[in-house]
1. Size of the stretch 234-305 along its principal axes in angstrom, Cα-based, largest extent first?
2. Which trypsin sites (Lys or Arg not before Pro) from the stretch 198-231 combine a DSSP loop assignment with at most 10 other Cβ atoms within 10 Å?
3. Could you tell me the center-to-center distance, by alpha carbons, between the stretch 275-307 and the stretch 478-554 in angstrom?
4. For the stretch 553-642, would you read off the P(r) tail past 20 Å as a percentage of all alpha carbon pairs?
5. I'd like to compare 504-510, 758-764, 651-657: which one has the highest average count of other Cβ atoms within 10 Å, and what's the full order after that?
6. How much FRET efficiency would the formula 1/(1 + (r/R0)^6) give for Ala95 and Gln630, where r is the Cβ-Cβ distance and R0 is 45 Å, rounded to 0.05?
7. A 30 angstrom limit on the alpha carbon distance is what I want to check against. Which of Lys333/Lys378; Lys83/Lys531; Lys82/Lys529; Lys255/Lys697; Lys227/Lys333; Lys25/Lys493 exceed it?
8. Quick one: plug the Kirkwood hydrodynamic radius of the stretch 102-178 (C-alpha pairs) into Stokes-Einstein at 4 °C, 1.567 mPa s, and report D in µm²/s.
Amino acid sequence: MKRATRNSNTTTSRKSAKPSRQLKKPELLAPAGGLAAFFAALEAGADAVYCGLENFSARAKAKNFSLSDLTAMASYAHQHGKKIYVALNTLIKEAEIPLLIETLGQLQYAGIDGIIVQDLSLWRLVRNHFPDLYLHASTQMTVHNAAGVNMLAGMGFKRVVLARELSLAEISLINRQTNIELEHFVHGALCFSISGQCLFSSSITGKSGNRGRCAQPCRRRYNYRDKPGYYFSTSDLCAIDHLPQLIEAGITTFKIEGRMKSAEYVGRVVTAYRMVLDGPARERRQVLTRAKQQLELSFGRKSTTGFLTGQLPTAIAAPARQGTIGQYLGLIKTIRGKTIFVTLEGKLHIGDRLKVMPQNDQTGAGLTVISMKINQKKVKAAVAGATVTIETQAAEKISPGDAVYKVAAEQSFSASEAACRQKLARVQLPHPALYLKIALSPDRLTIYGEVSGIKLERSYTPKTSPAKDRPLDETLLSRIFAKTSTYPFILKKLTAPNLPDIFIPTSKLNEIRRDFFQQLATEIVKTEKRKRHQQHQEVMATLLPKTTCQAVADRHLTATVAAIRDIKVLDTPLVNRVAVPLTPENVRNQSKLSRTTASHRQEIIWDIPAIIFPDDWPQFKSAVKQLLSQGFSSFRLNNIGHFLLFDKATAAKLIAGSQLYSMNSETIRAWQELGINEITLPIENDRQNLGELMARKTTIPICQTIYTPIPLMTSRIPLRGIKSGSRLFSDKGDSLQLTTDHGLTVLTGSADFSLLEHLTELQASGCNRLHIDLAHCGPFSVKGRAVLNALANGENLQGTTAFNFERGLE
């Protein structure tokens, strides 16, 4: 079903929007990781669902859906007054662009209500070629201030999913400065890292969270000073107590996380939030009590209100608590053969599903309670305090001391996949109107048909006879040709002028109808396929052409340092530019530069921090204005909102930092059209994608980082009792360093990223702009000098990692 083309504003707005939103009941948006969850969500009262496709989904492990599924799901949702959104919120590799174009073309005809995106290649392709698709900015874009929202609004986005690290006061401040739809998570799993700022899984396994394949290393156990704990495993968000405040703050969509969750979970959580949204204000306390009872049956992790209250969430990450989802029931006391003994800390019923988690960092075992005993007597239920015995085939995978969690209740129910498939197959798809004209002579019947501009004419020679009683007329023909239930159209109008007084058997007319409709349906499919193929070819023709990589001999090196005083590294023959973090300290100290050093202003890049919360924005706006007035012109941007630090007429040189992810040539073109003058590629890239990207004929300088520490996670969550600079260790002995700065917690890997031994290969691909980050060690330290020496000699450094460059990025 194709939506009428809309006129979207695709120019970049540089001003804050005026508030124009009126308070109304927000949309309740639920996850659908499978068909059962899709139906459960809508039947429980969700206003909309969001789901993923088999490709480009940030929950690649979810069941996800085919495009044919999606068309029927969209029809079902719309027939029930609901909406459906599709998450395409992953980073896109260069080789995936053709499939992405094909997917967007199909989605445009599927009748969905919006797509959720992270990679700006989708923004560029949708704006230029698929204008019927509405864009929602994923939380993966790390939008956490009004500048980010307004920038996206100016680009034509309809909705922004805000970062989960914002308080109600910060959300309200953003809302007062914008007029776009704001979406916020209200329930479900939280990440320790700010979304879009996590390389943890990618660093350890090559499976990128930015590409929907997170291996969840943050849920594992780590050791601090020989004290084991789940330091980065967060509680689940539950904002059910704060829905009125979120509405008042300007949130228009309440989002429930959980595309990896069961239909039972989705149904119960939606039911709870629907209760509160629809319940009368005078009965709020009673309604909340009933809603929370529903949530208790969803068996999530311990809950937290996150950052909403504005206070630092001390209980959001409790090291002593394992991150397993479910209701904690107790520890395994002993095991005898296939029988486990547990003293319960909660209720247990026959049919409940359990997860047994070991004390180490290994995957747990699952089981369903088929039978259980108390004191050798079979029982159907047990209460807290009872010691029960349960027989299980998984006993050999379980050890005394393992923790037992209930993950689903005996009374839970979800429809089978087969039942859901049957239900989906019965959905009536929206069909275009069919117009028929029938001309009849004594020996020939000719049918002219038109559907959505597709025309078909066919003639038949049925056996006729003079009409004895009632001759053939439009009423009879309309009744026969209205039988279109098995075809992709519906009869809108039939005309048959000047019919002779003849008779044709109804059976013959039905035969003619079936033949004509089958030919018309075939023609519709062929035409639609031809149109999509033509559109695909037209879009493909707009891509940058491939070219032969031209090897370069010269190098242009940018070095990042921590303090403005270290810009004297420019005196090193290897270094052409220096990047300095845009901090209040560095801005103050730059005025102390000597005249000689001040002459290097054009060689200094001010590196803007990716995270600038609303209260800090005016300070950074003022700093940028000051620096521009003093002759500095180069700034490295690391968040979509950073564009609005600059007036439209400012002649600043804007460089895309690695956190403005550029994995493909269409994204690079998008940044270029937004005003970027140079691209810094992300460090989690791999060799193959880098080569395919460099083979495109881009017209903008591309810089590759060749040495830097790897920021595994950046978080607003403080870890109590752990000092900045401390190290934690995994059960495998991997070392992680934790630092805190300006209210952010940063986790860094023990091995720095290095492509120093691949310089010849990079230059052969045409990449001669290089970047090294020495802010963590200083350019004149022993380590800093070792990096510069290795760069000069094209040597590798011991104890470094090539990250995904050699092993590949999934």
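None of the figures in this text is laboratory data; all of them are computed from the coordinates on show. Since this is a predicted model, take the numbers as computed values, not measurements. A quick note on method: Cβ atoms are made from the backbone with ideal geometry, for glycine too, and the neighbour counts reach across all protein chains shown.
1. Principal-axis extents of the stretch 234-305 (Cα, largest first): 33, 25, 19 Å.
2. On the way: sites: Lys207, Arg211, Arg213, Arg219, Arg220, Arg221, Arg225; in loops: Lys207, Arg213, Arg220, Arg221, Arg225.
Answer by residue number: Arg225.
3. Computed from Cα coordinates, the inter-centre distance equals 50 Å.
4. Details: 1325 of 4005 pairs.
For the stretch 553-642, the fraction of Cα-Cα distances above 20 Å is 33 percent.
5. Values: 504-510: 14.1, 758-764: 17.4, 651-657: 20.7.
Sorting 504-510, 758-764, 651-657 by mean packing, highest first, produces 651-657, 758-764, 504-510.
6. Values: r = 45 Å, r/R0 = 0.99.
Calculated value: 0.50.
7. Working: Lys333/Lys378 19 Å; Lys83/Lys531 26 Å; Lys82/Lys529 28 Å; Lys255/Lys697 41 Å; Lys227/Lys333 23 Å; Lys25/Lys493 41 Å.
Cα-Cα > 30 Å for Lys255/Lys697; Lys25/Lys493; rest within.
8. So the translational diffusion coefficient is about 99 µm²/s.
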